[in-house]
1. May I ask you to verify whether ILE95 is assigned to a strand (DSSP E or B), surrounded by 24 or more Cβ atoms within 10 Å (Cβ to Cβ) and touching a residue at least 40 places away in the same chain (Cβ under 8 Å)?
2. Regarding segment 253-276, can at least one residue be identified that is without any contact (Cβ under 8 Å) to a residue 60 or more places away in the chain and under 26 Å from ASP64 (Cβ atoms)?
3. Which condition number in (1) within 18 Å of GLY41 (Cβ to Cβ); (2) within 16 Å of the chain's Cα centre (by Cα); (3) not basic (Lys, Arg) is the one that ASP275 fails?
4. Given the structure, is THR147 among the β-branched types (Val, Ile, Thr) and either closer than 29 Å to GLY258 by Cβ or not in a strand (DSSP E or B) (or both)?
5. Which residue, of VAL201, VAL169, is in contact with a helix residue (DSSP H, G or I) (Cβ under 9 Å, 6 or more places away or on another chain) and outside the structural domain of MET60 (by TED's automatic domain parsing)?
6. May I ask you to list the residues in segment 194-228 that are over 14 Å from the mean Cα position of the chain (by Cα) and either surrounded by 17 or more Cβ atoms within 10 Å (Cβ to Cβ) or under 20 Å from GLY258 (Cβ atoms) (or both)?
7. Within segment 98-116, can you find the residues that are touching a residue at least 40 places away in the same chain (Cβ under 8 Å), closer than 21 Å to ARG53 by Cα and part of a strand (DSSP E or B)?
Amino acid sequence: MKFTKMHGAGNDYVYIDCFSETVSDPAALAREISNRNFGVGGDGLILILPSDRADLRMRMFNADGSEAEMCGNGVRCVAKYAHDHGLVNGQIIQIETGAGILSLELFTNSTGKVDRVRVNMGPPGLHRADLPMTGTPDEQVIDQELTILDRTFRITCVSMGNPHCVIFVDDVASFPLEHYGPAIESHELFPRRINVEFVEVVSPDEVYQRTWERGAGETLACGTGASAVTVAGLLTGRTGSKLLNHLTGGDLEMEWDGQGDVFMTGPAVEVFTGDYQLR
């Protein structure tokens, strides 16, 4: 089976072109191929498929085999692959995801290849039912206290098609993410688990983010997470409507006016292609 390894700001996935390949058990393949010692290695598996509703369709599986609704860094790479490999034409394309159909604007370099993509991530979901989260369905969770293990945090919960819990901290680089991340991910408040963003605010238009991703552990970047951080920062008065987000693997440019859709602009990189021997 042919595959392509790609990353967006270091958030790396194995991509399969299902216009020409067939994957019978994507959950099992995701666990196998994502293994960094015995497989290709990556944060998960993304399938690029035909769609009868958009230019193409994306399915995303975490490294543990669980299927997620969307991946912001992943969808940029799907757009790059589709353009560079002749699956689509034009600079504006539509991609069907588990979170709905997204519109993407492609930016090419001097070789004609896509190197940056602007994504309309859609509007945020701000109610408990959107995540989902236990409690009153139409309640918003903005800067509410949550005690985890030995510490009380203030959390803001946002759905960007997939669920996020945003926590602002003083020093994100030294924060023990691997200690608190798993406990929050699997907390009983979140019946489908949750992604967790730990964020340090530098200024109203600049932050540093680390992500504990549901089903994958710490990842170098998370585009839907960066979108949730943009929303949470504006709602809590910590940041403005435009944000430069420094993630461990690179930077994303974010925009949200407080009412409509969230926009994300960032890199998409093809690393290598190869043939994978199915087991």
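The values are calculated or read from the model by the stated rules, or taken from the named source; none is laboratory data. Treat the numbers as computed from the prediction; the structure is a model and nothing was measured. Note: ideal-geometry Cβ built from the backbone for every residue, glycine included; neighbour counts use all protein chains shown.
1. yes
2. No: segment 253-276 contains no residue that is without any contact (Cβ under 8 Å) to a residue 60 or more places away in the chain and under 26 Å from ASP64 (Cβ atoms).
3. Of the numbered conditions (1) within 18 Å of GLY41 (Cβ to Cβ); (2) within 16 Å of the chain's Cα centre (by Cα); (3) not basic (Lys, Arg), the odd one out for ASP275 is (2).
4. So THR147 does not fit the description; no.
5. The match here is VAL201.
6. PHE198, VAL199, GLU200, VAL201, SER203, PRO204, ASP205, GLU206, VAL207, TYR208
7. Passing the criteria: GLY100, ILE101.
Each row is one residue, and each column tells you yes or no for (1) in a strand (DSSP E or B); (2) among the hydrophobic types (A, V, I, L, M, F, W, C); (3) within 20 Å of VAL269 (Cα to Cα).
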site: PHE3; (1), (2), (3): yes, yes, yes
site: HIS7; (1), (2), (3): yes, no, yes
site: TYR13; (1), (2), (3): yes, no, yes
site: ILE16; (1), (2), (3): yes, yes, yes
site: THR22; (1), (2), (3): no, no, no
site: ALA28; (1), (2), (3): no, yes, no
site: GLU32; (1), (2), (3): no, no, no
site: LEU45; (1), (2), (3): yes, yes, yes
